[in-house]
Amino acid sequence: MNVPETTNYLIAGYAVIFTVLGIYIASFFIRQRNLQQDLAALEELEKKPR
Amino acid sequence: MTPKPRLLAVLDTVCIVLFLIAVGLVFFYAPLERSMGQVQRVFYFHVATAWVGMLGFMVAAGVGVVYLRTNHSLWDIVGLAAIEISLVFFFVAIVTGSIWARPAWNTWWTWDTRLTTAAIVELIYAAYWMLRQGIEDAEKRARFGAVYAILACISVPITFASIRLLRTIHPVVVGGGDPNAEGGFSMTPAMRVTFFYSLIVFSILFVDMLWHRIRLGQLAEKVEQLKLKLSA
Amino acid sequence: MKTSPPPINLLRRTFQATVAIIWKDLAAEMRSREMLSAMLVFSLLVILIFNFALELDIKARQTVTSGILWATFAFAGTLGLNRSMAIEKDRGCMDGLLLAPVDRSAIYFGKAIGNLVFMLVVEAIVLPVYSVLYNINLFHPGLLAVILLGSLGYVVVGTLLSAMAVQTRTRDVLLPILLFPVVLPVLISAVKASQGFLLAAEWTEIAPWFNLLLVYDVIFTAAAFMIFDYVVEE
């Protein structure tokens, strides 16, 4: 029996998995950096005399 | 943000290694399945990501109950983290399921029990997120999030049961629920190893990502509190 | 030393408060009839749309009627739920109710039963209209029971979620998004059970759906009753 040629779908499937997970994990780094910048800025403001 | 705990750093490394091994198993160890060809390999990560997708609302409901009783914001952070992670993983599961279905059963979507329930749970996650988006006050946001997570968690098993009941009376012609039984492939031992290994790796990955996401949430909370304090 | 009132007094007070809330809503609605007319007109419009959306021959109508009815009730229901809570919030009634020395559950049951009454009124009008328009007899006691149980399940969850939705920025829009995924078992069971009764199926076929509806109603009434406090606390 001939094995159907479905490699393309395999590639598509794993492309989705790695891309989406990759973007999501990258978002952790990006969000962390943004929040740390915000925190630094806010702490600066806090130090200033009111 | 507090510096990364030693244990988390270790966990990160462990995760990466285990994940790479899983990929290796999927592509090189698991045998080629004859009826579907190469695309069958998608199945291993498809089920694993779906499993992580299911964890979200269960964790969120559990910590939701704890939050309502203790009012400690950490539990809210955990709940949000769990749902966000599961939202992403379930999305991957649904899309890979669709990609697998196309060559296997010649359709992009089947209204079988599991896939339909997955779509509904994904919508619930989206609804949870939209609910939180619409609330300014942090405490109210946490409270409502917990309430919705609990209600959703109770409803999902009942939804699953009713859809399954629907399918047994009107069986779906194309596509089925159980990836093991349907599509006609039974698992050889090598496949089984890859399958369970993937499940375990993704579970550990969930814990690792949850921890990271919780830390992120704590940082966000600190920023928000500082903002409120300074604008007061 | 202050002792708490005996339980029977507390129960009676809660019951009286519940009835008072129901009465308040019914009386207010009787005067203005805004909500009922909106729900009614909306329902009829939905049925009209379905008429054109699905070209139904007589045979197809038999199987599809239950679906159309429940889709209509689900959509019209959100109108009623939204309005009912919005009234409380906008006129500040909610704060007044919360300050009153009654158990919060009275507020929940009062609103829920009020919502149920409105929904049943709308259904009571839609059913005969649909019967006439499509020449189908809908006055089957089994069907009426399903409509009662289904509406109950819908309203039990809907009241709780609308209490949350009304406190958000997006308000009305959010309620269907929150409600529909959670209330799906009610819709599925109600449609199948209604269909069963309309097609005169065997009770053994209808029973699982009917039971599922009952189970859902019981579980969620209990859950909502326990959770409502957390939704309205200030």
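Worth a mention:
Per-residue answers, yes or no, for (1) surrounded by 19 or more Cβ atoms within 10 Å (Cβ to Cβ); (2) without any contact (Cβ under 8 Å) to a residue 24 or more places away in the chain; (3) of a type outside the set (A, V, I, L, M, F, W, C):
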{"site": "B:His46", "(1), (2), (3)": "yes, no, yes"}
{"site": "B:Met58", "(1), (2), (3)": "no, no, no"}
{"site": "B:Val66", "(1), (2), (3)": "no, yes, no"}
{"site": "B:Arg69", "(1), (2), (3)": "no, yes, yes"}
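- Some residue of region B:43-57 being of a type outside the set (Phe, Trp, Tyr) and under 30 Å from C:Glu233 (Cβ atoms): yes
- Residues that are at the interface with chain C (Cβ under 10 Å from one of its Cβ atoms), closer than 27 Å to B:Arg164 by Cα and among the aliphatic types (A, V, I, L, M) within region B:117-147 comprise B:Ala119, B:Ile120, B:Val121, B:Leu123, B:Ile124, B:Ala126, B:Ala127, B:Val147, listed in sequence order.
- Residue-level check: of (1) touching a helix residue (DSSP H, G or I) at 6+ places or on another chain (Cβ under 8 Å); (2) at pLDDT below 75, C:Ala71 misses just (2).
- B:Arg114 away from chain A (no Cβ under 12 Å), at pLDDT 85 or above and outside any loop (DSSP other than H, G, I, E, B): no
- Counting residues in region C:177-191 that are out of contact with any Leu (no Cβ under 7 Å at 6 or more places or on another chain) and outside any helix (DSSP H, G or I) gives zero.
- Looking only at residues of region C:139-175 that are part of a loop (DSSP other than H, G, I, E, B) and hydrophobic (A, V, I, L, M, F, W, C), we find that the one that is farthest from C:Glu202 (Cα to Cα) is C:Val166.
- Every pair of residues 6+ apart whose Cβ atoms lie under 7 Å, when the first sits in region C:203-227 and is within 10 Å of another protein chain (Cβ to nearest Cβ) and closer than 15 Å to B:Cys153 by Cβ while the second is of a type in the set (Phe, Trp, Tyr) and surrounded by 14 or more Cβ atoms within 10 Å (Cβ to Cβ): C:Ala224/C:Tyr108
- Restricting attention to region C:129-163 and to residues that are hydroxyl-bearing (Ser, Thr, Tyr) and more than 14 Å from every other protein chain (Cβ to nearest Cβ), the residue that is nearest to C:Asn82 (Cα to Cα) turns out to be C:Ser151.
- A single member of A:Leu45, A:Leu21 is within 9 Å of chain B (Cβ to nearest Cβ) and more than 20 Å from the chain's Cα centre (by Cα), and it is A:Leu45.
- Tally, over region C:194-234, of residues that are modelled with pLDDT under 90, among the hydroxyl-bearing types (Ser, Thr, Tyr) and either closer than 30 Å to C:Met94 by Cβ or buried (at least 18 other Cβ atoms within 10 Å of the Cβ) (or both): 1
- Some residue of region C:102-113 being modelled with pLDDT of 90 or more, crowded, with 18+ Cβ neighbours inside 10 Å and of a type outside the set (D, E, K, R): yes
- Members of region B:1-26 that are part of a helix (DSSP H, G or I) and either in contact (Cβ under 8 Å) with a residue 24 or more places away in the chain or surrounded by 14 or more Cβ atoms within 10 Å (Cβ to Cβ) (or both): B:Leu8, B:Leu11, B:Asp12, B:Val14, B:Cys15, B:Leu18, B:Phe19, B:Ile21, B:Ala22, B:Val23, B:Leu25, B:Val26
- Of all residues making up region B:133-160, the number that are of a type in the set (Lys, Arg), surrounded by fewer than 20 Cβ atoms within 10 Å (Cβ to Cβ) and in contact with a helix residue (DSSP H, G or I) (Cβ under 8 Å, 6 or more places away or on another chain): 1
- Count - residues of region B:85-107 that are within 10 Å of the chain's Cα centre (by Cα) and within 9 Å of another protein chain (Cβ to nearest Cβ): 5
The values are calculated or read from the model by the stated rules, or taken from the named source; none is laboratory data. Since the structure is predicted, the reported quantities are computational estimates derived from the model, not experimental observations. Methodologically, a virtual Cβ is constructed for each residue, glycine included, from the backbone with ideal geometry; neighbour enumeration extends over all protein chains shown.
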